[in-house]
Amino acid sequence: MIKVITFDLDDTLWAIAPVIHKANELMLVWMKRHAPKFAQTYDDQGIAQLRDEVLANRPDMAHDLSQTRIAFVELGLSRCGYHNAQALSLDAFDVYVAARNDVVLFEGTRDQIATLKLSYQIGALTNGNADLTQVGIGHLFDFHFNSAHIGVSKPHPDFFARALAHTGHGADSFIHVGDNPAHDIAGAQAVGMRTIWMNPDNNPWPDGYTRACAEIHHLDQLGPAVAQINGN
């Protein structure tokens, strides 16, 4: 009997690429006023290179996207000669994260989760750093864990184990819904959860992974998929 449904967030409940692009743009607009050398030096590609450099030197930080971003922005500011790079990086992060939480939910997200919440506990399990309250759907979730909270990223089994421990239910009482075959589907399967693959772009299932219990292309298909898995 299914009792808990957990969701990945980025690219499961909203498309993340345009959100990150916009957040970087708004951060660079802020930088033009407060740290113009940074804005002149780094575009999206340059920002990505800073991130990769920080993670190459600090792989232990990879699970914490917020601290990683603050660190690589501070690195870029320092290289641009700003002696107050740490303070500037924190202020820039505030600008970035506000935009990062300004997402456009996939059609049907609110209604589908609200309906499921009538019968199941609802949780969020994400490697990202979205704030569900700022997104505007925090009231729909009973719990929310991200990789920074837990100290590891999906698909590590300890990530999913946190949800099991929090609810007190066994893995066979869970359905995890996510877009990533490795992080979401294989990770949840490894601890015994049932899974639903959210595949809005109709991508082929990758070789080497066990298929999810169900595949959906739109969140309006979620209710029937849950009912089928639950034997209703």
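The values are calculated or read from the model by the stated rules, or taken from the named source; none is laboratory data. Quick caveat, the model's predicted, so the values are computed rather than measured. Because the Cβ atoms are built from the backbone with ideal geometry, glycine has one as well, and the counts that use them run over all protein chains shown.
One line per residue, one yes/no per condition, for (1) farther than 24 Å from residue 194 by Cβ; (2) at pLDDT below 95; (3) in contact with a Cys (Cβ under 9 Å, 6 or more places away or on another chain):
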{"residue": "98", "(1), (2), (3)": "yes, no, no"}
{"residue": "108", "(1), (2), (3)": "no, yes, no"}
{"residue": "119", "(1), (2), (3)": "no, no, no"}
{"residue": "125", "(1), (2), (3)": "no, no, no"}
{"residue": "143", "(1), (2), (3)": "no, no, no"}
{"residue": "147", "(1), (2), (3)": "no, no, no"}
{"residue": "166", "(1), (2), (3)": "no, no, no"}
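Every condition in (1) surrounded by fewer than 16 Cβ atoms within 10 Å (Cβ to Cβ); (2) over 20 Å from the mean Cα position of the chain (by Cα); (3) among the small types (Gly, Ala, Ser) is met by residue 92 except one, and the failing one is (1). Where strands (runs of 3 or more DSSP E) fall entirely within the range 118-232, none has at least 3 residues that are surrounded by 15 or more Cβ atoms within 10 Å (Cβ to Cβ) and basic (Lys, Arg). Checking each residue in the range 2-18 for being surrounded by fewer than 21 Cβ atoms within 10 Å (Cβ to Cβ) and touching an Asp or Glu at 6+ places or on another chain (Cβ under 7 Å) picks out 11, 16.
Of all residues in the range 33-60, those being small (Gly, Ala, Ser), in a helix (DSSP H, G or I) and touching a residue at least 24 places away in the same chain (Cβ under 8 Å) number 1.
Taking residue 85 as the residue in question, decide whether it is over 29 Å from residue 13 (Cα atoms) and modelled with pLDDT of 95 or more. Yes, satisfied. Scanning the range 76-88 for residues that are under 16 Å from residue 46 (Cα atoms), surrounded by 18 or more Cβ atoms within 10 Å (Cβ to Cβ) and either of a type in the set (D, E, K, R) or under 27 Å from the mean Cα position of the chain (by Cα) (or both) returns 76, 77.
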